[in-house]
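Novice: Sharing a structure below in structure tokens format, with a few things to ask.
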Amino acid sequence: MIDLHAHTTKSDGTDSPLTLVKKAASSGITLLGITDHDSTAGWQEAIDSLHGSLQLALGAEVSCLTEDGISVHMLGLLFDGENQPLQQLLSDSRDTRIPRMKKMIENLQGAGYDITLEDVEAATPAGATVGRPHLADALVVKKIVKSRDDAFTDLLNNDSPFYVSHFAPTPEDAIRAIRAAGGVAVIAHPFASRRGQILTPDSFASLVAAGLNGIEVFHRDQSEDERKQLLVIAEELELAVTGSSDYHGTGKLNELGENTTSPAEWERLEAMADQRRVVRR
């Protein structure tokens with residue numbers, strides 16, 4: 001099984017890279033994508049933990065904003081981790097997360113919710129990039145919501161009055177940076193309407209012009225109708241089709257391998273990178 005989208009404690013997952021690698025191997029995953037938000041900090045631990053026949057597709061999930069203010073996530077895979085322009089882009093995005101978190105907390109406090117930055121920091125693993133999932137975890141601890149999923153359904157989704165955007169490149173700029181670093185760019189869950197505002201079919205023309213390689217079609221947050229629409233777009237634009245779990249560990253329902261990418265589509269995608277950077281033991 002090929003699962004190209006998973007997170008560790010280096011961003012908003014609850015499993016360390018070591019634990020994630022072990023879980024993937026025991027779950028029958030053959031190729032696992034390490035795609036923490038705006039970070040490659042988990043790569044080395046994942047590589048050091050690798051054993052058996054499991055292989056790794058190292059990458060990152062780049063936070064983006066369209067010119068219309070729509071949040072988009074771009075999976076970068078198989079890029080050169082030493083590429084400085086891409087690492088700078090990821091660093092710039094991480095650096096804006098604390099001011100953004102403070103503002104979201106202020107918004108929640110203004111509506112009467114008992115939550116503080118200290119609560120969020122206590123829910124954030126050491127070395128992790130703070131984000132909404134850690135705020136969600138703090139809300140769970142304070143018994144304001146029951147789970148991460150509940151938090152994102154209500155208080156923390158993109159259309160919530162408490163939501164605050166942060167610095168992020170446009171999807172086109174992210175694609176160009178990933179491709180310039182030798183990797184491939186796959187747009188993550190672009191029609192996941194339950195998360196808030198989404199892209200329209202017309203949006204893909206500029207993404208393809210920037211170098212988009214694929215679309216994450218099979219994802220739990222996209223309905224059957226949304227998946228069918230994306231399959232049509234992928235065929236028309238000759239884009240690779242992927243499926244992934246978007247695994248985060250405890251607190252979210254996503255399970256490793258619940259959606260996967262076919263070997264044929266992976267071969268197609270891997271061939272678009274400037275080097276074959278899959279990590280094997």
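All of the numbers you see were taken from the coordinates with simple rules; none came from a lab. Keep in mind that what you see is a predicted model, and the values were worked out from it rather than measured. Don't worry about glycine lacking a Cβ; one is built from the backbone with ideal geometry, like all the others, and counts go over all protein chains shown.
Novice: Rounding to the nearest 10 and keeping the result within 0 to 90°, find how far the Cα-based axis of helix 171-180 lies from the longest principal axis of the chain.
Specialist: 50 degrees
Novice: What is the order of Glu255, Glu224, fewest Cβ neighbours within 10 Å to most?
Specialist: Glu224, Glu255
Novice: Rounded to the nearest 0.05, what FRET efficiency is calculated for Asp68 and Lys146 with R0 set to 30 Å and r the Cβ-Cβ distance?
Specialist: Efficiency, from the Cβ-Cβ distance: 0.35.
Novice: Select from the range 129-194 those trypsin sites (Lys or Arg not before Pro) which occupy a DSSP coil region and have at most 12 other Cβ atoms within 10 Å, ordered by residue number.
Specialist: Passing sites in the range 129-194 are Lys143, Lys146.
Novice: Further, regarding this structure: Taking Cα atoms of the range 75-193, Rg/Rh with Kirkwood Rh, to two decimals?
Specialist: That ratio equals 1.02.
Novice: Taking the mean number of other Cβ atoms within 10 Å as a proxy for protection, how do you rank 77-87, 128-138, 236-246 from highest to lowest?
Specialist: The packing order, highest mean first, is 128-138, 236-246, 77-87.
Novice: Between the range 114-151 and the range 35-67, how many Å separate their Cα centres?
Specialist: 22 Å
Novice: Label points 7 Å out from Cα along the Cβ direction at Ile47 and Thr200: separation in nm?
Specialist: 4.4 nm
Novice: Among Val141, Val186, which comes first, then next, by fewest other beta-carbon atoms within 10 Å?
Specialist: Fewest-to-most ranking of Val141, Val186: Val141, Val186.
Novice: On C-alpha positions alone, give me the angle between the axis of helix 17-26 and the longest principal axis of the chain, in degrees, nearest 10.
Specialist: The angle comes out near 60 degrees.
Novice: Additional query: Relative contact order of the range 144-214: what whole-number percent is it, with Cα pairs under 8 angstrom and at least 6 residues apart?
Specialist: The normalised contact order for the range 144-214 reaches 34 percent.
Novice: Take a quick pass over the chain and tell me how many lysine pairs come in under 23 angstrom between Cα atoms, counting only ones 8 or more apart or on separate chains.
Specialist: So the count of such lysine pairs works out to 16.
Novice: Using each residue's phi in the range 101-106, evaluate 6.51 cos²θ - 1.76 cosθ + 1.60 at θ = phi - 60° and report the 3J(HN,Hα) Karplus result to the nearest Hz, with x for Gly and Pro.
Specialist: So the Karplus estimates, Gly and Pro as x, are 4, 4, 5, 5, 5, 4 Hz.
Novice: Only counting other Cβ atoms within 10 Å, I'd like His37, His7 sorted with the fewest neighbours first.
Specialist: His37, His7
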